[in-house]
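Beneath this line is the structure, given in structure tokens, with notes to follow.
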There are 2 protein chains.
Amino acid sequence: MSEKGRRKSKTTEKVSPKEIAGRIEKSANAMVGQINKLQDPEFTTMQRGKSNVVWDEKKGYLELGEKEVTRTFLNIAHARKFMQTSMIMAKTQEYLNHNKTASIREIYYELKHTVADTKENTFEGQDESDPIIVDLEHSVDTIREKLNLHANPKGTLYGDITLLDRMHHNDKFNASKLGRGGWSIMSRVEPEEIEIVDSNAEYLLVAETEAIFERLIEEGYPKDNKCLLIGTGGQAARGTRRLIHRVHNELDLPTIVFTDGDPYGWYIYSVIKQGSMALAAHSEFMSVPEARYVGMTIDDVKEYKLEAVTERMTDGDIKRAKEMLAYPWFQNKEWQAQLNKALDQKIRIEQQALANKRLDFVATHYLPEKIKNKIFLP
Amino acid sequence: MSEKGRRKSKTTEKVSPKEIAGRIEKSANAMVGQINKLQDPEFTTMQRGKSNVVWDEKKGYLELGEKEVTRTFLNIAHARKFMQTSMIMAKTQEYLNHNKTASIREIYYELKHTVADTKENTFEGQDESDPIIVDLEHSVDTIREKLNLHANPKGTLYGDITLLDRMHHNDKFNASKLGRGGWSIMSRVEPEEIEIVDSNAEYLLVAETEAIFERLIEEGYPKDNKCLLIGTGGQAARGTRRLIHRVHNELDLPTIVFTDGDPYGWYIYSVIKQGSMALAAHSEFMSVPEARYVGMTIDDVKEYKLEAVTERMTDGDIKRAKEMLAYPWFQNKEWQAQLNKALDQKIRIEQQALANKRLDFVATHYLPEKIKNKIFLP
């Protein structure tokens, strides 16, 4: 492959597993020190939940605020959580030191046992271990991917981008040469392991449905339009959000998002762009504040004469649209207008409804025209 | 890549798109002939539903029986369906002639319109077009994939198998060289388009959860054990079932299935092996009667001391287990025993629960031991 004119990746963000393991060790040593001095050992993390989520307009994403929570071992209400926290700390450090990764379900199963000579289980369910993982992420200021933990994978990558997997025989492959299926995005795509080598693409298109992903490939859209394509299959998984974030930043590619024209689709866009309340602490690693929204919009219905193929909004759609009207990051006239139009007309419009014009319309007319003329929502 | 000693694919099953288009044309011509002779035009398909599903013990899969249904245009109760059937026939023939494919949602949207000078829509919802597609599949004795239709993709392929995509620059790629992510299985993987070239694998392992898929890759299991790995991500999608069927038959590979130890997981296995009632007509193209089940079983709980990491069966699990006890294809002593043990103890056991031994236990002990000693359920 000629490297001429290809966009090289510039990896900026690098925290080594060793460094993260070091932070865990430091925190653990502090506790041991406190215990040796017969002091009450402490563990400090960030307060979570809506009351500590901040919309940072300048950065363009949701952030966690400054409120901290400190747990002490001698407080009986904290003792169980303290035990669980130490176990998760020890185990993730072990993963980091041995280049192992685990799903958040696996670490739960790995650590679950009955404490000797008691009937007490270390963890009763994954709903006990998951929040501890989040505690630890915040405490050592990282994301779970860098603790070598991950959730389930979902999402597909296609287009002229070359990746290299350092943990798998240094495989180097180009995602435009895997037939029409594309590369299955892993649950963890950290730069220490998955390197973005280069790309000839001029932008990244993120599509909500796998059906549109397949349609655009069948029409040769990514090749003709020199773009990369990521299919999220609904709400983007963490691995997929990380990859979008990295492609955007490391290759300096504009990111354009294409979802169904309904509150659920618009919310998917906002999570990719500004982050979510649940993961506000990680926006820095996951969000793409510069992302733009190409469609579907309620205006498209009239513009492209799609009246016959709209659907009625469900009660859930209406409730969600009303909530979104109030979110600070939807406080701009374009999105307020869009949400209000949807609520007035009580309609939604799917990406695949463009097939009503012609199967290839989305690839030959809709996307090229809107993208060329920059008909985006912010 | 040295081709020496590699297992070559022998494609046996080949029906050309032209042949399928010809069958549709023949059926349409017959109707036109009837109309020209002022006869009542007819369309014949197979009766569906439980009452026409047959368990063929010799073939080892579920089949559709012999009961036919004939629709006539002059019967007012059939007129709407007749119109819809002609539209789907014309459109799928167009797809076949122009090498286009569409999702079943797209064809619905493409055909939906208001009939001129009326307020009547051709289709009110996809729940009207989907059954017509099934009618047509049965009428021309094929599967929707060969009508160039497909549902959503899901599932991932990993391992030393070389595929070739004739519809995409003849891309030839090996699914062991795509890093740890693997190849995202398309919604349609028909032999005319996706060719299985060869493989060095000795068997195919199908895993229910994507988490176990990632675990086995991280442990180097497929390489060390010379196997291919397919992750289904829950119930296997049609494209994934087709690929399992083809890999099994064309490469002559034993197929071993690995799911959670609960009625849902066991049902996933039975659908891969014997087919489902809903798709009984297509077992010939999708099922793998020779598949074997490696785990998880209720016996594993004791054998591997997993008592601390079982879960309680839900009401849904119990209901499903009782139904499965009665299915003809579960009438063997091994599965009856398994289902009864689950119902007696009211427990289930997940694949990932093996992490309780050690993360790599599944790859270093559980699977190699059970597979080597052929500790399978039928």
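How far apart are the B:Asp224 label points across copies, placing each 7 Å from Cα toward Cβ, in nm, shortest first?
Here the equivalent label points are 4.8 nm apart from this one.
Quick one: divide the alpha-carbon radius of gyration of the range B:217-265 by 2.2 N^0.38 Å and tell me what you get.
This ratio for the range B:217-265 stands at 1.24.
Treat the count of other C-beta atoms within 10 Å as a stand-in for reagent exposure and order A:Thr209, A:Thr118 from fewest to most.
With the sparsest Cβ surroundings first, the list reads A:Thr118, A:Thr209.
Using a label position 7 Å from Cα in the Cα→Cβ direction, what is the ascending list of nm distances from B:Gln345 to the same site in the other copies?
Label point to label point, same position, other copies: 5.8 nm.
Using only alpha-carbon positions, what ratio does the radius of gyration of the range A:46-97 give when scaled by 2.2 N^0.38 Å?
After normalising by residue count via 2.2 N^0.38 Å, the value is 1.56.
Students often get this wrong: which residues of the range A:266-285 have the backbone nitrogen under 19 Å from the point 7 angstrom along Cα-to-C-beta of A:Glu334?
A:266-275
Send over the Kirkwood Rh of the range B:239-332, from the inverse of the averaged 1/r over different Cα pairs, rounded to one decimal Å.
14.5 Å
Computed FRET efficiency, Cβ-Cβ of B:Asn75 and A:Leu164, R0 56 Å: what is it to the nearest 0.05?
0.30
Mind listing the Cα extents of the range A:156-372 along all three principal axes, in Å, largest one first?
55, 41, 26
Please give the charge dipole size of chain A, origin at the Cα centre, charges +1 on K and R Cβ atoms and -1 on D and E Cβ atoms. Round to the nearest 20 debye.
440 debye
With all pairs of different alpha carbon atoms counted, what Kirkwood hydrodynamic radius in Å does the protein assembly as shown show?
28.0 Å
Under a Cβ-Cβ cut-off of 13 Å, what is the net charge of the residues other than A:His113 that fall near it, where Lys and Arg count +1 and Asp and Glu count -1?
In short, +1.
Under the definition of partner shielding as Cβ atoms of other protein chains within 10 Å of a residue Cβ, what is the mean value for peptide A:355-367?
Neighbouring Cβ atoms belonging to other protein chains average 3 per residue here.
Using Cα pairs closer than 8 Å and at least 6 residues apart in sequence, work out the relative contact order for chain B, in percent.
15 percent
When Cβ neighbours within 10 Å are restricted to other protein chains, what is their mean count per residue of peptide A:105-116?
5
Closest approach to the A-B rotation axis by any Cβ of A: residue and distance in angstrom?
In chain A, the Cβ lying nearest the symmetry axis toward B is A:Ser184, 2.
Order by neighbour count: A:Thr85, B:Thr45, fewest other Cβ atoms within 10 Å first, most last.
Fewest-to-most ranking of A:Thr85, B:Thr45: B:Thr45, A:Thr85.
Using r as the Cβ-Cβ distance of B:Gln345 and B:Ile375, and R0 as 30 Å, what FRET efficiency do you calculate, to the nearest 0.05?
0.90
If you put +1 on each Lys and Arg Cβ and -1 on each Asp and Glu Cβ, how big is the dipole of the protein assembly as shown around its Cα centre, in Debye rounded to 20?
The calculated dipole for the protein assembly as shown is roughly 500 debye.
Report, as a whole number in µm² per second, the diffusion coefficient that Stokes-Einstein gives for chain A at 20 °C and 1.002 mPa s using the Kirkwood radius over alpha carbon pairs.
95 µm²/s
Find which of B:Leu354, B:Leu367, B:Val197 sits farthest along the positive direction of the dipole of the range B:156-372, computed with +1 on the beta-carbon of Lys and Arg, -1 on that of Asp and Glu, about the Cα centre.
B:Leu354
Using the crude model of +1 on Lys and Arg Cβ and -1 on Asp and Glu Cβ, and no other charge, please compute the dipole size for the range A:281-348 relative to its Cα centre, in debye to 20.
Magnitude of the dipole: close to 200 debye.
Residues of B:306-312, mean number of Cβ from any other protein chain within 10 Å of their own Cβ, rounded to a whole number?
Mean inter-chain Cβ contacts per residue within 10 Å come to 2.
For A:Asp224 and B:Asn121, what is the calculated FRET efficiency with R₀ set at 25 Å and r taken between the beta-carbons, to the nearest 0.05?
So, using R0 = 25 Å, E works out to roughly 0.15.
Just want the answer: with Cβ charges of +1 for Lys and Arg and -1 for Asp and Glu, which residue in A:Leu343, A:Val309, A:Thr255 is farthest toward the dipole's positive end in the range A:156-372?
The residue sitting most towards the positive pole is A:Leu343.
Determine the percent antiparallel among the DSSP beta bridges restricted to chain A, to the nearest 5.
Among the beta bridges of chain A, antiparallel pairing accounts for roughly 65 percent.
Placing +1 on the Cβ of each Lys and Arg and -1 on the Cβ of each Asp and Glu in the protein assembly as shown, which of A:Ser129, A:His113, B:Ser187 has its Cα farthest towards the positive end of the resulting dipole?
Comparing the listed Cα positions along the dipole, B:Ser187 ranks first.
Taking the inverse of the average 1/r across all pairs of different Cα atoms in the range B:76-167, what Kirkwood radius in Å do you get?
14.8 Å
Report, for the protein assembly as shown, the % of DSSP beta bridges that are antiparallel, rounded to 5.
65 percent
None of the figures in this text is laboratory data; all of them are computed from the coordinates on show. If you're wondering where the values come from, they're calculated on a predicted model, not measured in any experiment. Every residue, glycine among them, receives a Cβ derived from its backbone with ideal geometry; neighbour counts consider all protein chains shown.
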